[in-house]
1. In whole Hz, with x marking every Gly and Pro, tabulate ³J(HN,Hα) for segment 192-206 from phi via Karplus 6.51 cos²θ - 1.76 cosθ + 1.60, θ = phi - 60°.
2. Work through the residues other than Arg164 whose Cβ is under 15 Å from its Cβ and net out their charges, Lys, Arg +1 and Asp, Glu -1.
3. In nm, what is the difference between 0.36 nm times the number of residues separating Ala77 and Lys99 and their Cα-Cα distance?
4. Go through 41-48, 64-71 and give me the packing order, highest mean Cβ count within 10 Å leading.
5. Check Asp41: other-chain or 5+ apart residues with amide H under 5 Å from its amide H, H built from backbone geometry?
6. Suppose each label sits 7 Å from its Cα in the direction of the beta carbon; what would the Thr212-Thr42 distance come out to in nanometres?
7. Can you order the peptides 49-61, 132-144, 201-213 by their average number of other Cβ atoms within 10 Å per residue, highest first?
8. Pull up the cross-link candidates among the aspartates and glutamates for Lys123, meaning alpha carbon to alpha carbon under 17 Å and not fewer than 8 places away within one chain.
Amino acid sequence: MLSRLVVLFLLTVCRPFLLGQVSPKTTPEYGFAIVRVFPHDTTAYTQGLTYRDGFLYEGTGRNGHSSLRKLRLDTGAVIQHVDLGPEFFGEGITILKDKVFQVTWKSGEGFVYDLNSFHLMRKFSYSGEGWGLATDGRELFLSDGTSEIRILNPETFQEKRRLRIHDGATPVDQLNELEFVEGQIFANLWHSNRIARISPQTGDVVGWIDLTGLLSPIYRLEPEAVSKRHRVRSKSKATVCHRKAVAKHL
Ligand SMILES: [Ca+2]
């Protein structure tokens, strides 16, 4: 079965301002407009998604079904894949230079693949859980469901520092899959239709994107349905979102 991947343009909408409300919170909110829709395999339990040179790279989850896949964007066809062992629950992925990095949920183990061959080059370890992964082109940014994002050296995997994510004085947790977009970290919040736009310098949430309405009505009937936002094409300022319903895995 195929569902749909959608490409979005983000629309700046500062709701408190538009509604004329007086509020000390000034974090801007953004809406969206769908500009393209692509087919996607609904059996893939998407946990990580990124884009490089015309292809989507997808990390899927669930024990016994976890994989790394390369997809044709226009058809959704899987043209390359590697399966993880059944003991692993695949999570976020990112591409840095000619390598794909993938983390796992509770195993404390990640994988580094050759981008072209998907040959497993090495494994690495980290403490705690692995949820999302992104890169600024130099370092790896790892989320674990808390309000902190760890920054790792991509060669040694040593933790260099941590960002504490907050909107004003309020910590923001449930940070899930991550992407870098024009110098900001975009993080979707698990069990939410919202994406936080985060400063990688300070951890401040500098904007929110509300994807309410992206899911079709049939998916909105699912209590655990969420919009999983992933890959961003920064040149066009369009975001590819994944609007299949996903089951709770926590
Ligand atoms: Ca990612």
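Quick note: the coordinates plus some simple rules give every number you see, no bench work behind them. Treat the numbers as computed from the prediction; the structure is a model and nothing was measured. So basically every Cβ, Gly included, is an ideal-geometry build from the backbone, and we count neighbours across all protein chains shown.
1. Each residue's phi maps through the Karplus curve to give 8, 9, 9, 10, 8, 9, 10, 6, x, 7, 10, x, 5, 7, 9 Hz.
2. The answer is -2.
3. Once the chain is fully extended between Ala77 and Lys99, it gains 5.8 nm.
4. Details: 41-48: 21.1, 64-71: 19.6.
Taking the mean over residues of other Cβ atoms within 10 Å, the ranking is 41-48, 64-71.
5. Ser3
6. Using points 7 Å along Cα→Cβ, the separation is 2.6 nm.
7. Taking the mean over residues of other Cβ atoms within 10 Å, the ranking is 132-144, 49-61, 201-213.
8. Excluding near neighbours in sequence, the set is Asp83, Glu87, Glu91, Asp98, Glu109, Asp114, Glu139, Glu155, Glu159.
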